[in-house]
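A short write-up of the structure that comes next.
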Amino acid sequence: MKQIYLITFLFFTSISFAQNDLLGEWFIHYTNIDGNQQYSTVQNSFNNLIFEDTSFHGSVCSNGHDGSYTFNDDNTITITSLVYLNGGCNYEVEIDLFLHPYLFDFLNYYLFNPEYSYTISGSGANETLTLTNGNGDFVVY
């Protein structure tokens, strides 16, 4: 009986540790949507994504978004809700080449396939998160 408790504890502990790697604030480095790689033209503080235990929020060019997700045990998350918060953006290039493809194409893909895979590589200041939707589009943070 002790073995069953130990195996259960180790299983849930490993899920918890994997999820903890995802938690925190990430800054968008670039997007790759429909094969088009776009780098942001504004400072990182305008383009971030913050993962908490079951929710996330962030902004792209001062346009916010909030949502919730569930963590899966295989380096995937399932987005369960997403809301866009209207904001202003004074950077026309950012709107056309970065904001719309990210918010409306990449994140909105959850309506068709809510599962997103992720990989985390590097460490410290060089740590990167790559979030990929079911369409093969990805964002590097």
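The values are calculated or read from the model by the stated rules, or taken from the named source; none is laboratory data. What you see is a predicted model; the values in this text were computed from it and never measured. Note that each Cβ is placed from the backbone with ideal geometry, even for glycine, and that neighbours are counted across all protein chains shown. Protein only, heavy atoms only, side chains kept; ligands, DNA and RNA dropped before computing areas. Shrake-Rupley method; radii C 1.70, N 1.55, O 1.52, S 1.80 Å.
Placing unit charges on the Cβ atoms only, positive for Lys and Arg and negative for Asp and Glu, gives the chain a dipole magnitude near 340 debye about its Cα centre.
All other residues whose Cβ lies under 14 angstrom from that of residue 105 are scored, Lys and Arg at +1 and Asp and Glu at -1, for a net of -3. When restricted to Cα atoms, the chain yields an Rg and a Dmax of 16.3, 63 Å, respectively.
Nonpolar atom fraction for the stretch 14-95, defined as the carbon and sulfur part of the 1.4 Å probe accessible area, stands at 47 percent.
Compared with the dominant principal axis of the Cα atoms in the chain, helix 2-22 is inclined by about 10°. Counting only protein heavy atoms and a 1.4 Å probe, the chain has 56 square angstrom of accessible area per residue.
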